[in-house]
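Structure, as structure tokens:
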Amino acid sequence: MEKVKRTFFSARNIATLGILLALVIILQAFGGSFSIGLVTLNFSLIPIVLGALVLGPAAGALLGLANGIVVLVQVIIAPAGFYFFIWTYSPVVTTLICLLKTTVAGFVGGLLFRVISRKNTYVATFVASASVPVINTLLFVLGCLCMPGTINAFQESIGGYSGMNIFVFICVVLVTFNFFIELAINLVVSPALHTVYRIVEKQYYAGKAKKKTVLQEENNDNLS
């Protein structure tokens, strides 16, 4: 256990986590999301995926929680559109949706990568990258189903959807387009960035090992 703790809390991991945490906050708060239709596309899932791939499930969950907190603050301070409606009528469920969906998604993504990478790292990267937006969306849908009265009232408020089955409304109107965009982005960008990170990491350790070898040779020469 102590070995695991020392490995996770190394200077490199802490620095990496800090950078990804800053990216999550910046992307979510200042430019990583924009509205298409009724729901906001969330590009801050990318650093959550990277954290899960590089640092593991705990880091993925922490980054997901940070994202959820930022989203919740945005919903409370300046709610708009769909989120204004659900925050007004179902604040408790809305809070749980904001905090849990990306937290669980980050944790499960990291867990899947850890398990599958024992067999195939390439496959594990894509599975984990896909799992984060999938779980994020599934929990969003589940949360919406937990407040049917609010969703029905929202259907009536926007017109043209009154009487539509609530599950169909959530999947078709609130989720479908946004989900596939987020999934495509994560499947393309996250594995690419993860590959770059691994290349840089290998070069770093290769350079460090080479430097250590040179120093050892110099020490041996001085002793002789």
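I'd like to know if the stretch 41-63 contains one or more residues that are surrounded by 12 or more Cβ atoms within 10 Å (Cβ to Cβ), at pLDDT 85 or above and among the polar types (S, T, N, Q).
There is no residue in the stretch 41-63 that is surrounded by 12 or more Cβ atoms within 10 Å (Cβ to Cβ), at pLDDT 85 or above and among the polar types (S, T, N, Q).
Out of curiosity, is VAL188 without any contact (Cβ under 8 Å) to a residue 24 or more places away in the chain and among the β-branched types (Val, Ile, Thr)?
Taking the combined requirement at face value, the residue satisfies it.
Out of the stretch 146-196, which residues are of a type in the set (A, V, I, L, M, F, W, C) and loosely packed, with under 13 Cβ neighbours inside 10 Å?
Matches in the stretch 146-196: VAL168, PHE180, ALA184, VAL188, ALA192, VAL196.
Report the residue count in the stretch 83-103 for those that are closer than 17 Å to GLN28 by Cβ and either buried (at least 19 other Cβ atoms within 10 Å of the Cβ) or without any contact (Cβ under 8 Å) to a residue 24 or more places away in the chain (or both).
Within the stretch 83-103, residues that are closer than 17 Å to GLN28 by Cβ and either buried (at least 19 other Cβ atoms within 10 Å of the Cβ) or without any contact (Cβ under 8 Å) to a residue 24 or more places away in the chain (or both) number 9.
Quick one: is VAL196 assigned to a helix (DSSP H, G or I), at pLDDT 85 or above and of a type outside the set (Ser, Thr, Tyr)?
no
Could you check the stretch 86-97 and list, in sequence order, the residues that are part of a helix (DSSP H, G or I) and either touching a Ser or Thr at 6+ places or on another chain (Cβ under 7 Å) or more than 19 Å from ILE158 (Cβ to Cβ) (or both)?
Residues satisfying the conditions are ILE86, TRP87, TYR89, PRO91, VAL92, VAL93, THR95, LEU96, ILE97.
Does ASN120 satisfy being modelled with pLDDT of 90 or more and farther than 26 Å from ASN67 by Cα?
yes
Of the numbered conditions (1) among the charged types (D, E, K, R); (2) within 24 Å of VAL173 (Cβ to Cβ); (3) without any contact (Cβ under 8 Å) to a residue 24 or more places away in the chain, LYS119 fails exactly one; give the number of that condition.
Of the numbered conditions (1) among the charged types (D, E, K, R); (2) within 24 Å of VAL173 (Cβ to Cβ); (3) without any contact (Cβ under 8 Å) to a residue 24 or more places away in the chain, the odd one out for LYS119 is (2).
The values are calculated or read from the model by the stated rules, or taken from the named source; none is laboratory data. Just so it is clear, the structure is predicted and the values come from calculations on it, not from any experiment. No Cβ is skipped: glycine too gets one built from the backbone with ideal geometry, and neighbour counts run over all protein chains shown.
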